[in-house]
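Just so you know, all these numbers are worked out from the coordinates, no wet-lab data involved. Keep in mind that what you see is a predicted model, and the values were worked out from it rather than measured. All Cβ positions, glycine included, derive from the backbone under ideal geometry; neighbour counts span all protein chains shown.
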C-alpha cells in the first residue's frame, strides 16, 4: 500500500455484528480493503463520529468525504464508503417462494382431463 499520513488505529478494527467472520471472508472486501479497514478503521470511525479531530490534510479531506462522498479520491476513502454502504445500508433480500404476477398468471390455464384423448389406451 502507498504511504499515507493517516493515523493507525490504537487497536485493530472489526465489526463483529455485520461481518462476524471478518471483512475478507464476507466476500464483500478484498484482502487489501480488509487490511485498510483493520488498520485505519478505528481512526476513520472516530473521525466520522467527531471523537477526534483531523491532524493532517489527508484526515481533513476524509472528513469532507464523509459529508460529500463524491469527493473520495484515495483507496482509504473509497474503502470506508464501501464499508459504510454495506454495514449500514439495507441488504438486498430476494425470496424464492413469494407470490408474484407470474404465479397468478398460471391460474388462467385450466386442464381438463376428460377431453384428453392422447393418453387413453387403445
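Odds and ends about this structure:
- When each of the peptides 73-86, 9-22 is scored by how many other beta carbons lie within 10 Å of its residues on average, the order from highest to lowest is 73-86, 9-22.
- Sorted by Cβ density within 10 Å, fewest first, the residues 38, 67: 67, 38
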